[in-house]
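Following: one structure in structure tokens, then a few remarks.
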Amino acid sequence: MNRDKKSGQGIDLEKNGSGGESVARDKAARSRREFLANSAGLAVAAAIGGLAGSHSLSAHESAARASATKSAAYASALGRPRRIIIDTDPGIDDAMAIFLALRSPELKVEAITPVAGNVPLDLTLPNALRLVEIAERTDVPVAAGASQPLLRRLATAGHVHGVNGLAGVDFPEPKTKPVHETAPELIRRIVRENPGEITIVAVGPLTNVALALRADPALASVIPAIVIMGGSLSGGNMTPAAEFNLYVDPEAARIVFDAGIPLTMVGLDVTRKCLVSEQHIKQLEAANNPVSQAAGKILRATYERMRHGGEVTDIALHDALAVASLIDHDVITRKDYYVEVETVGEWTAGQTIGYDGHAPVRKSPQMETSAPEPSPAEIPYKPNAQVAVAVDPARFFHLLISRLTGSPI
């Protein structure tokens with residue numbers, strides 16, 4: 001598959017017209033600093049960042065949100081499977097997350113919505129289709145999502161995930177086809193048809209979810225919860241400030257964090273502690289089922305590349321931990337935070353800044369202008385996320401390996 005070609009299935013956010021090549025060259029020549037200094041650029045960033053601020057919930061929507069949260073909690077209490085949509089960019093750890101979800105009776109996967117991220121969409125889409133075929137779950141619809149972030153050029157992580165996103169392991173071409181709906185359309189339809197029932201599990205850049213919310217802001221009121229793998233309160237992995245998923249599309253992340261959906265952030269603070277060992281890989285390889293064998297091949301290829309001087313020095317199963325937190329609540333410890341996503345920093349875009357209530361929430365002072373401006377107001381502290389602050393790695397791997405192998409360990 002040619003990584004350089006645009007996927008015909010996905011959502012292409014680029015605008016093409018006469019003189020497109022000249023415009024592209026002009027954009028490339030301008031530095032990010034110049035863009036951010038431009039008032040139009042700042043206005044666009046502010047508009048995207050202000051979904052929650054510009055959309056006050058009506059009494060009806062507030063009631064719907066409360067009902068949605070209660071509905072999901074009630075279903076869980078009754079022991080019914082939790083219904084989820086997995087938004088993903090497969091990806092080594094995405095593959096483990098998808099396998100874990102599909103092989104866990106506590107979860108009912110309603111759809112998988114690939115997005116560009118770890119690798120371009122023309123790889124994440126067929127990878128998702130391959131994974132449902134390996135798991136023998138072609139009943140789960142797969143819908144192509146966004147081929148690039150809302151505003152930025154796509155940054156990928158092929159140096160981590162290999163040339164095809166699955167560590168270079170050569171799996172057969174998928175026979176299953178994606179559904180005709182786009183990912184945001186499918187997310188909206190399933191959530192609207194099942195208000196209060198569908199939890200979003202987002203383990204890639206948040207572009208698809210943001211597009212669904214931007215097209216239908218009231219959708220947030222009928223989503224009972226969203227669990228994301230992303231962010232960090234202890235430094236990034238793409239830059240010193242930003243974790244990869246939020247680095248790729250910080251504007252989308254801002255929309256999701258500001259939407260008012262009960263949100264759990266499973267970030268690098270905990271996922272970096274869930275490191276694959278060779279013993280884990282051997283356990284997967286020893287089991288005789290297609291999922292375990294595929295998982296073993298992907299992790300073995302990654303492990304061997306790591307041993308022979310690849311850029312990857314540890315294999316952390318970031319995305320699988322986010323899924324595991326829905327199966328076993330106590331695998332992570334959560335703490336309330338008010339989290340903001342930095343979108344305008346030249347060096348810090350995608351950074352998650354967390355307030356735990358011990359200090360006022362303040363924005364940075366305004367730039368010097370000809371007209372005096374008031375000092376930035378302090379924002380009342382109100383948590384918008386539960387952030388994972390601790391993890392039990394042994395408990396996580398016991399769950400993961402036992403589900404993928406199909407036997408207790």
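Within region 222-249, take every residue that is buried (at least 24 other Cβ atoms within 10 Å of the Cβ) and more than 15 Å from the chain's Cα centre (by Cα) and give me the one that is farthest from GLN386 (Cα to Cα). In this case the residue turns out to be ILE223.
ILE379 fulfils the conditions (1) of a type outside the set (Phe, Trp, Tyr); (2) in contact with a Lys or Arg (Cβ under 9 Å, 6 or more places away or on another chain); (3) modelled with pLDDT of 95 or more except for a single criterion, (3).
Every listed requirement among (1) within 24 Å of LEU100 (Cβ to Cβ); (2) surrounded by 20 or more Cβ atoms within 10 Å (Cβ to Cβ); (3) in contact with an Asp or Glu (Cβ under 7 Å, 6 or more places away or on another chain) is met by GLN351 save one, (1).
Applying the criterion of at least 1 residues that are modelled with pLDDT of 95 or more and either at negative phi or surrounded by fewer than 16 Cβ atoms within 10 Å (Cβ to Cβ) (or both) to the helices (runs of 4 or more DSSP H) found wholly in region 47-156 leaves 92-102, 121-134.
On the basis of being more than 22 Å from the chain's Cα centre (by Cα), buried (at least 18 other Cβ atoms within 10 Å of the Cβ) and in a loop (DSSP other than H, G, I, E, B), does PRO174 make the cut? Yes, satisfied.
Taking region 262-300 as the search range and keeping residues that are outside any helix (DSSP H, G or I) and more than 23 Å from the chain's Cα centre (by Cα), which one is nearest to SER104 (Cα to Cα)? Break it down stepwise before answering.
Quick first cut of region 262-300, residues outside any helix (DSSP H, G or I) only: 262-267, 272-277, 287-289.
Among the residues that remain, those that are also more than 23 Å from the chain's Cα centre (by Cα) are: 277, 287-289.
Values: SER277: 22, ALA287: 17, ASN288: 18, ASN289: 15 Å.
Filtering region 262-300 for residues that are outside any helix (DSSP H, G or I) and more than 23 Å from the chain's Cα centre (by Cα), the one nearest to SER104 (Cα to Cα) comes out as ASN289.
A single entry from ILE187, ILE198, ILE255 fulfils the requirement of being out of contact with any strand residue (DSSP E or B) (no Cβ under 7 Å at 6 or more places or on another chain), in contact (Cβ under 8 Å) with a residue 24 or more places away in the chain and either farther than 22 Å from MET96 by Cβ or surrounded by fewer than 24 Cβ atoms within 10 Å (Cβ to Cβ) (or both): ILE255.
The values are calculated or read from the model by the stated rules, or taken from the named source; none is laboratory data. Note that the structure is predicted; figures quoted are calculated from it, not measured. Note that each Cβ is placed from the backbone with ideal geometry, even for glycine, and that neighbours are counted across all protein chains shown.
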